[in-house]
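The values are calculated or read from the model by the stated rules, or taken from the named source; none is laboratory data. Keep in mind that what you see is a predicted model, and the values were worked out from it rather than measured. Using ideal geometry, Cβ is built from the backbone for each residue, glycine included, and neighbour counts are taken over all protein chains shown. For accessibility, only protein heavy atoms count, side chains too; no ligands or nucleic acids. Shrake-Rupley method; radii C 1.70, N 1.55, O 1.52, S 1.80 Å.
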Amino acid sequence: MLGFEIRVLADGTRVLPAFSTVEQLAAALGPAQPWALLPLRAARALLGIAGVDSVLIDPQVADGAPRWTAQDLAQLVGSVR
């Protein structure tokens with residue numbers, strides 16, 4: 001199963017943060033952030049169905065924004081086994 005982590009901007013716009021490299025993702029959201037690789041075209045098609053407004057490439061993420069921890073990731077892995 002693949003899930004998407006949607007973020008809501010200050011103006012209420014629902015976006016999917018997407019990153020051009022794993023290094024960019026880790027720098028913005030931390031090394032415990034789960035991720036999947038898929039073509040941008042496919043992500044846009046799936047998110048349009050889900051009512052997401054846009055895909056935001058390499059976004060700047062606020063310091064206080066939610067980030068996954070190693071414990072969160074371990075719980076996720078345990079729940080899909």
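Structure notes:
- Of the residues making up the range 41-57, those that are under 26 Å from Ser79 (Cβ atoms) and open to solvent by 70 Å² or more (accessible area, probe 1.4 Å) are Leu46, Ile49.
- Any hit, the range 27-38, residues being among the aromatic types (Phe, Trp, Tyr), out of contact with any strand residue (DSSP E or B) (no Cβ under 9 Å at 6 or more places or on another chain) and surrounded by 15 or more Cβ atoms within 10 Å (Cβ to Cβ): no
- Residue match in the range 11-21 (condition: touching a strand residue (DSSP E or B) at 6+ places or on another chain (Cβ under 8 Å), surrounded by 13 or more Cβ atoms within 10 Å (Cβ to Cβ) and charged (D, E, K, R)): yes
- Number of the condition not met by Gly3 [criteria: (1) open to solvent by less than 40 Å² (accessible area, probe 1.4 Å); (2) within 23 Å of Gly78 (Cα to Cα)]: (1)
- The one condition in (1) out of contact with any Leu (no Cβ under 7 Å at 6 or more places or on another chain); (2) within 17 Å of Arg14 (Cα to Cα) that Leu76 fails to fulfil: (2)
- Within the set Ser20, Ser79, the sole residue that is part of a loop (DSSP other than H, G, I, E, B) and polar (S, T, N, Q) turns out to be Ser20.
- The residue list Leu38, Leu9 contains one member that is under 22 Å from Leu76 (Cβ atoms) and among the aliphatic types (A, V, I, L, M), which is Leu38.
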